[in-house]
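K.L.:
I have a structure I would like to understand better, so I am pasting it below and will then ask my questions one at a time.
The values are calculated or read from the model by the stated rules, or taken from the named source; none is laboratory data. Predicted, not measured: the structure shown is a model, and the values here were computed from it. Note: ideal-geometry Cβ built from the backbone for every residue, glycine included; neighbour counts use all protein chains shown. Quick note on the areas: whole protein, heavy atoms, side chains included, nothing else; ligands and nucleic acids left out. Shrake-Rupley method; radii C 1.70, N 1.55, O 1.52, S 1.80 Å.
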Amino acid sequence: MTCDSPPETTGFLRSHRLRAAGAAGVLLAAALLTGCGQDSGDSSTGTATSEAARAVPERTTTPSNSTSASATAALTEDQKERKTLLASTKITYDKAVTTAEGAVSGGKVVDLDLKGPGKSDDDTDDESASPSASASLSQSASPSGSASASPTSTGASPSGASASPSAGGPEWVATVAAKDGTEHIVRIDAVSGKVVKSTEDSDQDSEDKTTTADQIAKAKQTPRQAAKAALAKTKGTVTSLELDENDKNVLVWSVDVVGKDWKKTTVDVDAATGSVTGQETDTD
């Protein structure tokens, strides 16, 4: 009759296993919930890190772009024009002086200016007033580009005709005075160095000629010597030379020098002694 004992033991073991399985299920569910929470946290952290990494290159490239833009904006319109003009100029002032004086027998340069395309003798923006600019426009419109299409080729010197194809660029405009004071306007291509046009100044009267001849006789300093004295005071590129009396009735060479900052400084050099009598910088 002892055969009834085994069923009780079996029931007890089955109940114990069920409770153990239930506890294991609870632990597994808790582990799964904890794991999901950690994965969610890691994902958000990774996303934030990725976004921060993408933002770094933008912060490092922005300052250089803004610096470049601010440097360009810092230049005035006049400074931008000087920068552009000098970038396209190949012939220096001293070579222009030599060429201009060679175009007039016994002539001496009393005025020299570097001018951009379309600039007339009085620095006004009028392409129709500039013979060289008119020549450039007519040739660009002509398929053949022949010299006969240029209205300025008639009566011009051979060197002027050969220089006319590039006449749309910068020019040195020189006033060259003969021994009797007669002035000639000589235009020189600032890229090729060739004479574009040379004409006698028709606006002079006898009194003007006498005054010019007197100034030439009094000026002991040449244009090159005056420019050298000016460059010793301020470094840069000479863009203008003019022989005239200052406010104190002293004959001086007024020399314009453009510096690396594209500002223009005018230096007055005594035409008799070569000493610097004053200078002024144009901040525009």
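K.L.:
Could you tell me whether the stretch 201-218 includes any residue that is on the phi > 0 side of the Ramachandran plot and either open to solvent by 20 Å² or more (accessible area, probe 1.4 Å) or at pLDDT 95 or above (or both)?
P.N.:
Our first condition is that a residue be on the phi > 0 side of the Ramachandran plot; within the stretch 201-218, this holds for none.
No, that holds for no residue.
K.L.:
Out of all the residues in the stretch 236-257, is one or more under 24 Å from residue 214 (Cα atoms), loosely packed, with under 15 Cβ neighbours inside 10 Å, of a type in the set (A, V, I, L, M) and touching a residue at least 24 places away in the same chain (Cβ under 8 Å)?
P.N.:
Scanning the stretch 236-257 turns up at least one residue that is under 24 Å from residue 214 (Cα atoms), loosely packed, with under 15 Cβ neighbours inside 10 Å, of a type in the set (A, V, I, L, M) and touching a residue at least 24 places away in the same chain (Cβ under 8 Å).
K.L.:
Would you please name the residue that is farthest from the chain's Cα centre (by Cα), looking only at residues in the stretch 201-214 that are more than 18 Å from residue 186 (Cβ to Cβ) and polar (S, T, N, Q)?
P.N.:
If we take residues in the stretch 201-214 being more than 18 Å from residue 186 (Cβ to Cβ) and polar (S, T, N, Q), then 206 is farthest from the chain's Cα centre (by Cα).
K.L.:
Within the stretch 258-284, restricting attention to residues that are touching a residue at least 60 places away in the same chain (Cβ under 8 Å) and assigned to a strand (DSSP E or B), which residue is farthest from residue 228 (Cα to Cα)?
P.N.:
282
K.L.:
Identify all residues within the stretch 95-111 that are in contact (Cβ under 8 Å) with a residue 24 or more places away in the chain, closer than 16 Å to residue 194 by Cβ and out of contact with any His (no Cβ under 9 Å at 6 or more places or on another chain); write none if there are none.
P.N.:
Answer for the stretch 95-111, where residues must be in contact (Cβ under 8 Å) with a residue 24 or more places away in the chain, closer than 16 Å to residue 194 by Cβ and out of contact with any His (no Cβ under 9 Å at 6 or more places or on another chain): 95, 96, 97, 99, 101.
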